[in-house]
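**Q** First, the structure itself, so that you have it in front of you.
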Amino acid sequence: MTYFDSPWTGMVPVDDTALAVTDTGGPGRPVIYLNGQFATQAYWRRVIADLGGEYRHITYDMRARGRSRRSAAAASFRTHVRDIDIVLAARGVDRPIVVGWSYGAAVAVHWAARNPDHALGVVSVDGAYPHDYPDAPPERVRQWWGRLRPLLPLLSRLGMAAKMSAEQHARSNIELIEISAALGPILDGLTLPGPVRGRHGRQPRRRP
C-alpha cells in the first residue's frame with residue numbers, strides 16, 4: 001500500500017467517464033465507502049468525522065452520481081464492482097475495509113467475494129441481504145421511473161437520483177432485484193481475513 005500523507009480530492013478517469021474521489025490520506029487502516037444506489041459520497045461525512053484519524057477514509061461518487069461524469073455503463077452493477085479496483089489502484093491501496101450502504105453493500109459483498117485476499121473486512125449497512133429486498137415486476141419498475149422522468153434533474157442535484165435516463169434508473173433497480181435474490185450463495189461462500197459486520201441476514205465467515 002502506498003501512503004499519501006496529505007488529503008486528496010480529484011477525478012480518476014475510467015472508460016468513458018471520471019470518478020470524483022476523496023482520500024483523507026495518512027497511515028491509518030484504509031476504508032473505502034460505497035454509496036447508496038443514487039447517493040453521493042457526502043452521505044459519509046458524519047461517519048468519517050466520528051471514526052476520526054485512526055483510519056484512512058476513501059469515498060467516491062459512482063458513475064453519473066454526484067460530481068462524477070455521465071457514463072454509458074452507469075446503470076451496470078458489475079461495472080460498479082469493477083470500479084472499486086480502479087479507485088483503489090489510483091490511491092495505492094491494496095487491502096481495504098469495504099463499507100457499503102444499501103446498493104453499495106451489495107457491491108461491497110460481490111467485490112469481496114471476487115477479491116478475498118484483498119478485502120480486509122466488509123461492513124454492510126442496510127443492504128446485501130438475500131431476503132426482504134424490494135421486489136417488483138420489471139414493467140412496474142419502468143412505470144414508476146417513467147412517472148419520475150420530469151423530476152430526475154432536480155432529484156439528481158439533491159443526491160436522490162443519478163445523471164441517467166428514466167430507463168437507466170429502471171434497469172439499475174431491476175438488476176439490483178435480481179442480484180439481491182441471488183445473494184445467498186455469495187454470502188455463504190464469502191471468507192475474509194478480517195472483520196465482517198452486517199445489519200441483516202446471514203453473516204459471512206471469517207477466515208481462520
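**Q** All but one of (1) at pLDDT 95 or above; (2) hydrophobic (A, V, I, L, M, F, W, C); (3) surrounded by 24 or more Cβ atoms within 10 Å (Cβ to Cβ); (4) not in a strand (DSSP E or B) hold for Ala119; which doesn't?
**A** Every listed condition holds for Ala119 apart from (1).
**Q** Determine, yes or no, whether Ala136 is out of contact with any Lys or Arg (no Cβ under 7 Å at 6 or more places or on another chain) and assigned to a loop (DSSP other than H, G, I, E, B). Steps first, please.
**A** Numbers: out of contact with any Lys or Arg (no Cβ under 7 Å at 6 or more places or on another chain): yes; assigned to a loop (DSSP other than H, G, I, E, B): yes.
Yes: the conditions hold for Ala136.
**Q** If I filter the range 56-83 down to residues being under 19 Å from Ile177 (Cα atoms) and surrounded by fewer than 22 Cβ atoms within 10 Å (Cβ to Cβ), which single residue comes out as farthest from the chain's Cα centre (by Cα)?
**A** Looking at residues that are under 19 Å from Ile177 (Cα atoms) and surrounded by fewer than 22 Cβ atoms within 10 Å (Cβ to Cβ), I get Ala73.
**Q** Determine if the range 134-153 includes at least one residue that is surrounded by fewer than 15 Cβ atoms within 10 Å (Cβ to Cβ), at pLDDT 85 or above and within 21 Å of the chain's Cα centre (by Cα).
**A** No, that holds for no residue.
**Q** Based on what the data block shows, is Ala112 on the phi < 0 side of the Ramachandran plot, among the small types (Gly, Ala, Ser) and in a helix (DSSP H, G or I)?
**A** Working: on the phi < 0 side of the Ramachandran plot: yes; among the small types (Gly, Ala, Ser): yes; in a helix (DSSP H, G or I): yes.
Yes; evaluated as a whole, the condition is true for this residue.
**Q** Follow-up. Looking at this structure, is Arg63 assigned to a loop (DSSP other than H, G, I, E, B), in contact with a Ser or Thr (Cβ under 7 Å, 6 or more places away or on another chain) and closer than 30 Å to Ser6 by Cα?
**A** On the way: assigned to a loop (DSSP other than H, G, I, E, B): yes; in contact with a Ser or Thr (Cβ under 7 Å, 6 or more places away or on another chain): yes; closer than 30 Å to Ser6 by Cα: yes.
For Arg63, the condition - assigned to a loop (DSSP other than H, G, I, E, B), in contact with a Ser or Thr (Cβ under 7 Å, 6 or more places away or on another chain) and closer than 30 Å to Ser6 by Cα - is met.
**Q** Being surrounded by fewer than 17 Cβ atoms within 10 Å (Cβ to Cβ) and in a strand (DSSP E or B) narrows it down to one of Thr9, Thr22, so name that one.
**A** Details: Thr22 fails: surrounded by fewer than 17 Cβ atoms within 10 Å (Cβ to Cβ).
None of the other options fit; the residue is Thr9.
**Q** Of the residues that make up the range 99-121, is at least one within 22 Å of Met164 (Cα to Cα) and β-branched (Val, Ile, Thr)?
**A** yes
The values are calculated or read from the model by the stated rules, or taken from the named source; none is laboratory data. This is a predicted model, so every value here is computed, not measured. Every residue, glycine among them, receives a Cβ derived from its backbone with ideal geometry; neighbour counts consider all protein chains shown.
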